[in-house]
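Step one of this worksheet: look at the structure below.
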């Protein structure tokens, strides 16, 4: 069974901390994505990557960075966490091309206090 | 600017009746559309999709209709079951879009009452 695994289900961090959210997929997918889900706003794309060491900004990249050193792993980094980054973070992967849906991880609920 | 819109945040339906979830889009370059279902504390799961060359796609109790002239799609669930209670996201992708990037709507929370 194909899987996207996010390392933490729940995280609580302090304002100003550097936060790492990890995502690993076992499907040899080229594309990986980070979204955040907020009530009334749906899923908003933060960053995506279509190859190792490649990254592209999504719609809301401010305050975030990403790393993709290996094909199976895509990390989201909050350089200095703020309370407005409290959210559900969802990682997804897909095959190259626009006719393939995503496989999502279970999500990480991040609370910044 | 919201390119994919789900204007109904919530919908309540009686078990056994039809659920109709709606989605509008603004970008005429979108050529592939998907519906995802999300339970609390889980990631979204793929439900059904449709290419812009079709106007209907059916999979069991789920049917998606696409009206390109109106830039509108809808998901029909017949008959609705309590297990269908979840948040449903509409998503769209544009031809040539690098990496098949999906644009999601805001989601509609469906509640199916026994």
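All of the numbers you see were taken from the coordinates with simple rules; none came from a lab. All of these numbers come straight from a predicted model, not from anything done at the bench. Virtual Cβ from ideal backbone geometry, glycine too; neighbours counted across all protein chains shown.
Tabulated data
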{"quantity": "For the protein assembly as shown, radius of gyration divided by Kirkwood radius, i.e. Rg to Rh on alpha-carbons", "calculated": "0.97"}
{"quantity": "Segments A:13-21, B:2-10, A:43-51 sorted - mean Cβ within 10 Å per residue, highest first", "calculated": "A:43-51, B:2-10, A:13-21"}
{"quantity": "Whole-number percent relative contact order across chain A, with pairs defined as alpha carbons under 8 Å at least 6 apart", "calculated": "36"}
{"quantity": "Kirkwood hydrodynamic radius of chain B, from inverse mean 1/r over distinct Cα pairs, in Å", "calculated": "14.2"}
{"quantity": "Pairwise centroid distance, computed over Cα atoms, of the stretch A:1-49 with the stretch A:79-93, Å", "calculated": "8"}
{"quantity": "Cβ crowding within 10 Å averaged over residues, with A:5-12, A:73-80 ranked highest first", "calculated": "A:73-80, A:5-12"}
{"quantity": "Peptide B:38-46, shielding by other chains (average Cβ, 10 Å cutoff)", "calculated": "6"}
{"quantity": "Contact order relative to length of chain B, as percent, for alpha carbon pairs under 8 angstrom and 6 or more apart", "calculated": "37"}
{"quantity": "Inter-chain Cβ neighbour average for residues B:104-110, partner chain, 10 Å", "calculated": "4"}
{"quantity": "Shielding of A:37-45 by partner chains, average beta-carbon count, 10 Å", "calculated": "6"}
{"quantity": "10 Å-binned pair-distance histogram of chain A (Cα, whole percent)", "calculated": "15, 51, 29, 5"}
{"quantity": "Segments A:56-63, A:105-112 sorted - mean Cβ within 10 Å per residue, highest first", "calculated": "A:105-112, A:56-63"}
{"quantity": "Computed over the stretch A:62-110: relative contact order in percent, which uses C-alpha pairs under 8 Å that are six or more apart", "calculated": "29"}
{"quantity": "Likely footprinting exposure, B:33, B:62, A:33, fewest C-beta neighbours within 10 Å first", "calculated": "B:62, B:33, A:33"}
{"quantity": "Residue order, fewest to most beta carbons within 10 Å, for A:29, B:76", "calculated": "B:76, A:29"}
